Amino acid sequence: MPRAGLVRAAADVCCVHAQVGASAEIMLGLRVARVTRQDIRTALWKERTLVKTVGLRGTLHLLPAAEVPLWMAANRLRFAAERRRITRFGVSVADLDRLVDAIADAVGPEPISRVELEQALEARVGATATTQRQAWAGNYPSWPFAMGLAAAMGRVCYGPGDGGRSTFVRLADWSGWRDEDPMEAGLEVLRRFLHAYGPSTEAEFARWFALEVPVVKNLFAQLAPELTEVEVDGSRRWMPASDMENEAETHPDAVHLLPQFDVYVVGSLPRDQLIPPESPIARLRMGTAAPFSVLMVGGRVAGVWERRRDGQTLSVRVDAHTPLRRAQKQAVAEQAERVAQILELGCELEFGEVALKAHL
């Protein structure tokens, strides 16, 4: 059954970035044959084999339900730094703790809406819950700053959408919970990262998981007996010793259309190898291609693409930044068709200019 592969795929890529819902569906669909967005939604909201919650880097992710305690325990390694970061936005540690407890008290086995949650939090902690704070991308009420901490403690996760609006449930009621040791969980996360995205470095793992350098150094030191040092273009890097005989190579002509925030683009480092220096994306000096839907050729960014729904048709426009051969254009067409199938739509493809508008 195709849906059986969804959980395995989510585990293999170290969870699926889900800030943009359709992108998450495309990410999984491209990695599991024949599934559609409805299969993914069934796994999330009916079978509950996937869970949507605040995950890596404090951003929304889809996680295998059985592995949520592992990833949340590893996330708790970020608590000290996360608390300091949040206080810079004007939320005191005392208020943060009160909000975490209030979130845990407000949610239960039945989904509640964002409005209902805010009302419950105001009733428990007062106006502090909804006081607007200036954050990196605008003003936010105080309570979302506590969601990542509450999620990492196993107290809350996302429930099924209510007319496109978010709902929240108690994680233990939704998919189960168990306590795990944060350091042991961190070591397992490092193993998985190096297996999926290595060979890599301490600095790259710290950036990917948003961990402080001293914590990362400790994890690498403890895992050292399992690792092998390799040199890549003059850079010292690490990978699991068990992977040395199973190194996969990307075919130079392999073509993929990846959505915004695809895990491959986020996890693949160093970025100057992923994004050619002559690329228009490199010239933006953002340091990442993650906010764009990208055309990949041979594992490197070779253009961008955009999608637009028109009734029951998905219009896909691809802007290749390097010339494509006929076979590569055919591969692009097959990829576009697959994206449309995932979204349960027909497909129309054209090649042409796509403005570099990042989703932030």
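The values are calculated or read from the model by the stated rules, or taken from the named source; none is laboratory data. Everything numeric in this text was worked out from a predicted model, so none of it was measured. In this analysis, Cβ positions are derived from the backbone assuming ideal geometry, glycine residues included, and neighbour counts consider all displayed protein chains.
Summary table below
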| read-out | value |
| --- | --- |
| Any hit, the stretch 330-353, residues being within 24 Å of the chain's Cα centre (by Cα), at negative phi and assigned to a strand (DSSP E or B) | no |
| Filtered residues of the stretch 229-244 (kept if assigned to a strand (DSSP E or B), free of Cβ contacts under 8 Å to residues at least 40 places away in the same chain and touching an Asp or Glu at 6+ places or on another chain (Cβ under 8 Å)) | ARG236, ARG237 |
| Neighbours by Cβ (under 7 Å, 6+ apart or cross-chain): first from the stretch 269-288, outside the structural domain of PHE209 (by TED's automatic domain parsing) and among the hydroxyl-bearing types (Ser, Thr, Tyr); second modelled with pLDDT of 85 or more and in a loop (DSSP other than H, G, I, E, B) | SER279/HIS321 |
| Residue ranges of helices (runs of 4 or more DSSP H) in the stretch 160-221 with at least 3 members within 29 Å of ARG114 (Cα to Cα) | 171-174 |
| Flag for THR322 being over 21 Å from LEU345 (Cβ atoms), of a type in the set (S, T, N, Q), assigned to a loop (DSSP other than H, G, I, E, B) and under 19 Å from the mean Cα position of the chain (by Cα) | no |
| Some residue of the stretch 15-28 being charged (D, E, K, R), in contact with a Lys or Arg (Cβ under 8 Å, 6 or more places away or on another chain), without any contact (Cβ under 8 Å) to a residue 40 or more places away in the chain and under 17 Å from LEU343 (Cα atoms) | no |
| When residues of the stretch 245-265 are limited to those that are in contact with a Leu (Cβ under 9 Å, 6 or more places away or on another chain) and not in a strand (DSSP E or B), the one surrounded by the most Cβ atoms within 10 Å (Cβ to Cβ) | ASP262 |
| Tabulated pairs, the stretch 189-208, first more than 9 Å from MET239 (Cα to Cα), second of a type in the set (Asp, Glu) and assigned to a helix (DSSP H, G or I), C-beta under 8 angstrom, 6+ apart or interchain | ALA196/ASP12 |
| Of the criteria (1) assigned to a loop (DSSP other than H, G, I, E, B); (2) touching a Cys at 6+ places or on another chain (Cβ under 9 Å), which one GLU278 fails | (2) |
| Filter result for the condition that a residue is under 17 Å from PRO64 (Cβ atoms) and either basic (Lys, Arg) or touching a residue at least 24 places away in the same chain (Cβ under 8 Å) (or both), over ALA146, ALA172, ALA151 | ALA151 |
| Options LEU50, LEU28, LEU60, LEU99; residue that is among the hydrophobic types (A, V, I, L, M, F, W, C) and more than 15 Å from the chain's Cα centre (by Cα) | LEU99 |
| Number of the exception - GLY303 against (1) at positive phi; (2) assigned to a strand (DSSP E or B); (3) surrounded by fewer than 22 Cβ atoms within 10 Å (Cβ to Cβ) | (3) |
| Looking only at the stretch 146-178, and only at residues there that are among the basic types (Lys, Arg) and surrounded by fewer than 20 Cβ atoms within 10 Å (Cβ to Cβ), the one that is farthest from the chain's Cα centre (by Cα) | ARG178 |
| Subset of the stretch 81-96 [over 26 Å from the mean Cα position of the chain (by Cα) and either surrounded by 13 or more Cβ atoms within 10 Å (Cβ to Cβ) or part of a loop (DSSP other than H, G, I, E, B) (or both)] | GLY90, SER92, ASP95 |
| For ASP272: the one exception among (1) of a type in the set (D, E, K, R); (2) in a helix (DSSP H, G or I); (3) at pLDDT 95 or above | (3) |
| Selection status of ALA206, closer than 19 Å to ALA66 by Cα and under 18 Å from the mean Cα position of the chain (by Cα) | no |
| Residue that is touching a His at 6+ places or on another chain (Cβ under 9 Å) and of a type in the set (Ser, Thr, Tyr), where the choices are SER235, SER175, SER242, SER166 | SER242 |
| Matching residues, the stretch 262-288, being of a type in the set (Asp, Glu) and within 24 Å of VAL13 (Cβ to Cβ) | ASP262, ASP272 |
| Selected residue [within 19 Å of the chain's Cα centre (by Cα) and at pLDDT 95 or above] from LEU77, LEU121, LEU117 | LEU77 |
| Residue satisfying all of: in the stretch 1-53; acidic (Asp, Glu) and assigned to a helix (DSSP H, G or I); surrounded by the fewest Cβ atoms within 10 Å (Cβ to Cβ) among these | ASP12 |
